[in-house]
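Data block below; observations after.
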Amino acid sequence: MNISDEIIKTALLGTAKYQPTLQAGLTALHSKIVAAQQDKEDTFLRYAAAALLYEECGQEPLEMLESIDECPAETQPSMFPKTAEALKVALADKDDVITDYILLHAMARKQVAPPALAPMLLNRALEKKAMRQSLLQLSGATGRWLMELNPAWKPLEGKAVEADEDWETANHETRKQLLANLRSSNPAEAIPLLEAAFPHENASNREEFLGLLATGLSQTDVPFLEALRSDKSKKVKETAMGLLQQVRGARIQEMFLEFVRRAFVVKEERYMVFSKRKVLEIDRSAAPQPAFFDCLVTKVSSQKGVSDELYWLAQAVEYVHPDDWMPALGFAPDDLLAKIAAIDEGGVLIQHLLRAAVRYSHHALALAFLAANTGAQIALLRIVSHEQGLPFHDHAMDANIESYIDLLTETGYRTIRTALAIKVLHSLQAAPYRINQPIYRKLALHLPSEVQSTLEAYASESGHENYQVRYFATQASEMLHVLSLKENLKF
C-alpha cells in the first residue's frame, strides 16, 4: 500500500484504531515527530504532511544487476497522430464509447497505437475485461515488452490468445477463448479436448465450456453430449440436454419431429358450396413417446386455459427446425400463422413457433411474424436484410427504443440513413430518458453528417422551461461533439 492509501485509511478509521505504516526512509523523522507530539492526531497530521512531501520528491531508481532487452521494433503500422491523440483523451477519461470506436477501426486495419500510449492501454486492459483482447493487441510490441517488465501488468500476460496457444498449459479463461475460437473455425476439434478435460474440471467450469458448444453445434457433438446426461451436476445435465434438443437430425429432435408431424393434421372442408379449402387441426390423440418427457419437457401445462396436450406440442415446435415439418402442410408462412392462431390456446403455439423462427434464423417465418406484429421485432429484424426490415422499424422503435438502437448500432458502425436517423431523434426527444448518456454517444457515432442541423436545433433549447427538453438539448449538444470528433478521425 502506498503513502496516500495509508493516510486515507488512517483518516477513515481514526488514529485510535489504525496508525499508518511507516515508509522506508521516514523512520527517524517519525521518531522526532512522536517526541514532540501533542496527541495522536497531531502526530498523524505532521507525519502525513511529511510523507506526502517525501513522495513528491521522487524515489531513488532501483539498482539492477542485469540488462534489459531492448523493446522489439513494431512490425505493424501505427495509427494516425490525430487518432492517437483522441485515443489518449478517451483512455484518460475512461470513455469506452470513443475507445471502442477507435479500437474497432484500428484493429480492422491492423494498426497499433504509438509506443507512448502502451502504458495507458495496459492499465485500461486490467480494468476492462470485455475490451482486453483489443486493447492488448493495440498496444503492439511495446505492450508485450512492458508486460514482462512491470509486475502490475503480469496478470495480462497470455490474455491476448494467439492461434498457437497451448490448451494443456492454458488457464480456464484462456481455454474458454481457445474453445470459442475453435468452435468458430473447426467445431469438431473441440470435442476431444473437452473429453480429456472434463474429468478434471469442476461442475461450474464444465457448464461454462458446454455453453460455448452452441456455436457450430452438429451431430458430431451428440455422443459427447449424450454421455453428459449422466453427469453428477444437474446444471451440466440440463445444459447438455438443451444442446441435444437443438441438434437437427439427432435422436431427441427426431422424436420431437415425429410428434409434431403426427399432431398437425391438414383436412379439407367445403367452402362456399362449390369450393373446398384446407384447414389445420391438432390431433390430440397423437401422444408423444414416453421418452419425450425425459427431455426437459414440462408435462403439466403452466398456462391457464392451455391443455397439457397442446403445451407438449408447443414445446416440441420450439426445438424442431421449421423446414422439417412446415413444407408438408402446404401452407405459406403467413397463411400458416393465421391457421395456427385459429386453433391456438392462449397464443402458446404462436409464441413457441416464434422462438423456433429466432432460434433457427428462419427467414420466411421471420418476415411473416414481422408482418403479423406478434412481438420479438428486434430478434426478427436481425434475421432479415436491412431493406426487408425497414417497413417494420416503426413498431420496433416504439416497442423498445434502447433495443432498437442496439440493432442499429451493432453492425460495425454503419451510418444510419438520414430519414431514419431523424425519426429516431424525434422519438427520443419525445421521451429522452429512455436511454442513458453512453447510448446517446454511441448513437452519435452512427449518425450521418446530414443530421447536424437537426441536432443544433435541439441543442439550442438548453434554456427551455421543460426539464425533459433541457435534458435532450444537453444530449444533442454532446452528440454534436461526438459527431464532430468522428468526422476528424482518420484511419
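The values are calculated or read from the model by the stated rules, or taken from the named source; none is laboratory data. Since we're looking at a predicted model, the values are computed, not measured. Cβ placement follows ideal geometry from the backbone for every residue including glycine, while neighbour counts extend to all protein chains displayed. Please note that ligands, DNA and RNA were not included when accessible areas were found on the heavy atoms of the full protein model with its side chains. Shrake-Rupley method; radii C 1.70, N 1.55, O 1.52, S 1.80 Å.
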Item to check | Residue within the stretch 132-151 that is modelled with pLDDT under 95, at positive phi and not in a loop (DSSP other than H, G, I, E, B) present | outcome: yes
Next on the checklist: Need pairs with beta-carbon distance below 7 Å; first residue within 10 Å of Ala51 (Cβ to Cβ) and within the stretch 19-38, second aliphatic (A, V, I, L, M) and surrounded by 11 or more Cβ atoms within 10 Å (Cβ to Cβ); sequence gap 6+ or separate chains.
Outcome noted: Pro20/Ile7; Gln23/Ile3; Gln23/Ala51; Leu26/Ala50; Leu26/Ala51; Leu29/Ala50; His30/Leu22
Checklist outcome for this item: Restricting the stretch 434-491 to residues that are under 24 Å from Ala86 (Cα atoms) and among the β-branched types (Val, Ile, Thr), the one surrounded by the most Cβ atoms within 10 Å (Cβ to Cβ) turns out to be Val451
Checklist entry - Within the group Pro114, Pro119, Pro151, which residue is closer than 28 Å to Asp69 by Cβ and exposed (fewer than 12 other Cβ atoms within 10 Å of the Cβ)? => result Pro151
Checklist entry - Among the numbered criteria (1) surrounded by 17 or more Cβ atoms within 10 Å (Cβ to Cβ); (2) of a type outside the set (Ser, Thr, Tyr); (3) in a helix (DSSP H, G or I); (4) at pLDDT below 90, which single criterion is violated by Arg183? => result (4)
Checklist entry - Can you find a residue in the stretch 47-61 that is aromatic (Phe, Trp, Tyr), open to solvent by 80 Å² or more (accessible area, probe 1.4 Å) and in contact (Cβ under 8 Å) with a residue 12 or more places away in the chain? => result yes
Next on the checklist: Looking only at helices (runs of 4 or more DSSP H) that lie completely in the stretch 360-449, which have at least 1 residues being among the charged types (D, E, K, R)?
Outcome noted: 386-389, 393-399, 401-408, 418-430, 437-444
Next on the checklist: Here is a check on your reading of the model: is Val273 outside any strand (DSSP E or B) and either at pLDDT 95 or above or surrounded by fewer than 17 Cβ atoms within 10 Å (Cβ to Cβ) (or both)?
Outcome noted: yes
Checklist outcome for this item: Checked the stretch 21-37 for anything surrounded by 14 or more Cβ atoms within 10 Å (Cβ to Cβ), closer than 18 Å to Glu56 by Cα and either in contact with a strand residue (DSSP E or B) (Cβ under 6 Å, 6 or more places away or on another chain) or of a type outside the set (A, V, I, L, M, F, W, C) (or both); matches are Gln23, His30
